[in-house]
Each structure stands twice: as structure tokens, then as C-alpha cells.
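**Student:** Quick one: the structure is below, and I'll ask about it shortly.
The values are calculated or read from the model by the stated rules, or taken from the named source; none is laboratory data. Only a predicted model underlies this, so the values are computations on that prediction, with no experimental measurement involved. So basically every Cβ, Gly included, is an ideal-geometry build from the backbone, and we count neighbours across all protein chains shown.
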Amino acid sequence: MPKQARLSGIKAFRCYTIEEAAEVSGVSPRTIRNWAAGGLRVMDGTRPSLIRGDDLRDFIKSARDSRKVKTRIDTFYCFRCRKERRAAEGLADCEVKANRATLTALCEVCETVVSKPVAVARIPEIARTLDVKITRL
Ligand SMILES: [Zn+2]
């Protein structure tokens with residue numbers, strides 16, 4: 001989260017569409033979709049997708065906390081568990097674009113998608129403990 005998201009305008013008991021959630025928290029709709037892929041809870045079976053205000057607030061707060069939690073090179077911060085977690089079954093996907101890479105896996109405890117940016121130079125080190133499937137974009 002490069003840009004600081006705003007918490008102040010988010011009402012806990014309201015539901016927001018992706019666009020409304022983006023507007024109220026001061027980030028792009030794309031960022032909200034990335035958060036949804038990374039553990040932000042989206043209500044089941046609603047079209048368009050709806051996000052509860054309290055889930056959005058919790059996610060942004062956890063994201064702030066996660067920056068204070070130092071994870072090891074082969075572990076992830078899980079937004080749902082709010083803890084450092086290993087990858088389920090030691091499996092991770094790694095998307096490489098130019099000299100930037102994103103490591104994605106499932107939390108070993110709750111199976112939420114967890115991801116983090118990593119330096120391309122560190123991939124061989126990561127591959128010693130994780131079964132990494134590398135995709136070049
Ligand atoms: Zn988890």
C-alpha cells in the first residue's frame with residue numbers, strides 16, 4: 001500500500017461497492033480489488049460485490065500493522081490471521097515483471113491468499129525453502 005488509505009470516512013455498518021470503497025478510503029478501485037485478492041472480505045453472492053465498512057476498516061488497520069511485522073524471506077503476513085504465516089504446503093507463485101517480483105501463496109492456517117513484493121535477486125534464496133512457480137510477465 002504505497003498511498004496511505006483513509007479510515008475516517010468509512011462507516012462500519014454500511015456496505016460499499018468496489019468503487020465506493022475506493023472513494024471513501026482514498027485509493028483506486030484497482031487497489032480495492034487487489035486487497036480483495038489479498039484477504040479483504042467481500043460479501044458472498046452479491047452483485048455488484050459489496051464490502052462491509054467494518055471489514056474494510058479492519059483490513060486497512062491490519063495492513064498498517066503488517067508493515068510493523070517483519071516477516072522472514074519465505075513467510076507472509078496474513079491479514080486474516082494477523083500473524084506471520086508460512087505458505088500452505090510450501091507452495092508459492094512468483095510473478096516477475098522487469099526487476100520486480102510478487103510472491104503469492106495461501107496462508108497455511110486459514111488459506112487466505114497472502115502475497116508480498118520480493119527482490120528478484122532473492123528468488124533463488126526463497127526457492128530453497130519454498131516450491132516456487134515462476135511466471136514472467
Ligand atoms: Zn491466515
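**Student:** Which members of the stretch 64-105 meet the condition of being of a type in the set (A, V, I, L, M), in contact (Cβ under 8 Å) with a residue 12 or more places away in the chain and more than 16 Å from the ligand (Cβ to nearest atom)?
**Tutor:** Hits for the stretch 64-105 are 73, 96, 101.
**Student:** In the stretch 86-112, what residues are in contact with a strand residue (DSSP E or B) (Cβ under 7 Å, 6 or more places away or on another chain), among the small types (Gly, Ala, Ser) and either assigned to a loop (DSSP other than H, G, I, E, B) or closer than 21 Å to residue 36 by Cβ (or both)?
**Tutor:** Filtering the stretch 86-112 down to residues in contact with a strand residue (DSSP E or B) (Cβ under 7 Å, 6 or more places away or on another chain) leaves 87-88, 90-96, 100-110, 112.
Then keep just the ones that are among the small types (Gly, Ala, Ser); that gives 87-88, 90, 92, 101, 105.
87, 88, 92, 105 - these are the residues of the stretch 86-112 that are in contact with a strand residue (DSSP E or B) (Cβ under 7 Å, 6 or more places away or on another chain), among the small types (Gly, Ala, Ser) and either assigned to a loop (DSSP other than H, G, I, E, B) or closer than 21 Å to residue 36 by Cβ (or both).
**Student:** Select, from 37, 5, 92, 63, the only residue that is under 30 Å from residue 129 (Cβ atoms), in contact with a helix residue (DSSP H, G or I) (Cβ under 9 Å, 6 or more places away or on another chain) and at pLDDT below 90.
**Tutor:** Sole residue among the options that is under 30 Å from residue 129 (Cβ atoms), in contact with a helix residue (DSSP H, G or I) (Cβ under 9 Å, 6 or more places away or on another chain) and at pLDDT below 90: 63.
**Student:** Of the conditions (1) within 16 Å of the ligand (Cβ to nearest atom); (2) over 11 Å from the mean Cα position of the chain (by Cα); (3) not hydrophobic (A, V, I, L, M, F, W, C), residue 38 satisfies every one except a single condition; which number is it?
**Tutor:** For residue 38, the exception is condition (2).
**Student:** On to the next question. Can you run down the residue pairs with Cβ atoms below 6 Å, 6 or more apart or on separate chains, where the first is in the stretch 38-50 and part of a loop (DSSP other than H, G, I, E, B) and the partner is among the small types (Gly, Ala, Ser)?
**Tutor:** Filtered contacts from the stretch 38-50: 38/115; 42/36; 42/49.
**Student:** Would you be able to tell me the number of residues in the stretch 106-121 that are away from the ligand (no atom under 16 Å from the Cβ) and crowded, with 19+ Cβ neighbours inside 10 Å?
**Tutor:** So the answer is 1.
**Student:** Of the numbered conditions (1) outside any loop (DSSP other than H, G, I, E, B); (2) surrounded by fewer than 18 Cβ atoms within 10 Å (Cβ to Cβ), residue 13 satisfies every one except a single condition; which is it?
**Tutor:** (1)
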